[in-house]
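The values are calculated or read from the model by the stated rules, or taken from the named source; none is laboratory data. In this text, all values refer to a predicted model and were calculated from it rather than measured experimentally. Heads up, the Cβs are rebuilt from the backbone with ideal geometry, glycines too, and the neighbour counts pull from every protein chain shown. For the accessible areas, the whole protein counts, side chains as well, though only heavy atoms, and no ligand, DNA or RNA atoms are used. Shrake-Rupley method; radii C 1.70, N 1.55, O 1.52, S 1.80 Å.
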Amino acid sequence: MEEGKCLCANTARCERGNSESSAEIRADFEECKKYWEVEFPNLSEKTRSIITLTFSMLARPLVTQPLRKLFSADTNVKPEDAFEGKIIIVDLPVQEFRLVGRIANLTWKYCFQVAVLRRTPLMAPDTYLRPVFFMG
């Protein structure tokens, strides 16, 4: 593979998205691209297979049921829905679903925390953000 060539299926989209990004995001993208196009192919076969196996085992719960359907398909719920007064229940108990339940619950917890931290205060006078909470 030629160095500097985009790995995306849609090369034009990849290049357009990268050119519209901030300098910091472009630098991260270039570093990641350099790793996969230059460094990874030059690793020994044994090292590459360990990296591939490790990633496969980490990603496996997300590409199998029930998490594939919950996180990879179209969904009608997002953490920001709590800001509108909705109650979100993640019904994958760890006692029943073991690792899959833990991954689902931790993923929702993390995404909810990030969404709360990204909220911006309302600019109108005498308006307040709706209080929300997470119960784990």
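Among the residues of the stretch 98-105, none qualifies, meaning not one is within 16 Å of the chain's Cα centre (by Cα) and farther than 18 Å from L58 by Cα.
Within the stretch 43-65, work out how many residues are outside any helix (DSSP H, G or I) and modelled with pLDDT of 90 or more.
Kept after step one, since they are outside any helix (DSSP H, G or I), are these residues of the stretch 43-65: 43-44, 64-65.
Those left that are additionally modelled with pLDDT of 90 or more: 43-44.
Summing the residues that are outside any helix (DSSP H, G or I) and modelled with pLDDT of 90 or more in the stretch 43-65 gives 2.
Kindly indicate whether F71 is open to solvent by 100 Å² or more (accessible area, probe 1.4 Å) and within 16 Å of the chain's Cα centre (by Cα). Spelling it out, it is not the case that F71 is open to solvent by 100 Å² or more (accessible area, probe 1.4 Å) and within 16 Å of the chain's Cα centre (by Cα). Is it the case that some residue within the stretch 110-120 is loosely packed, with under 14 Cβ neighbours inside 10 Å, at negative phi and not in a helix (DSSP H, G or I)? The answer is yes; a qualifying residue exists.
Checking P79, P93 one by one, the residue that is under 29 Å from L58 (Cα atoms) and touching a Cys at 6+ places or on another chain (Cβ under 9 Å) is P79 and no other.
Close Cβ contacts (under 7 Å, 6 or more residues apart or on different chains) running from residues in the stretch 114-136 that are within 15 Å of E84 (Cβ to Cβ) to residues that are of a type in the set (D, E, K, R) comprise A115/E80; L129/R119.
All of A82, A9 fail the test of being small (G, A, S), part of a loop (DSSP other than H, G, I, E, B) and either open to solvent by 80 Å² or more (accessible area, probe 1.4 Å) or modelled with pLDDT of 90 or more (or both), apart from A9.
Does L106 meet the test of being without any contact (Cβ under 8 Å) to a residue 40 or more places away in the chain and either part of a loop (DSSP other than H, G, I, E, B) or open to solvent by 60 Å² or more (accessible area, probe 1.4 Å) (or both)? Yes: the conditions hold for L106.
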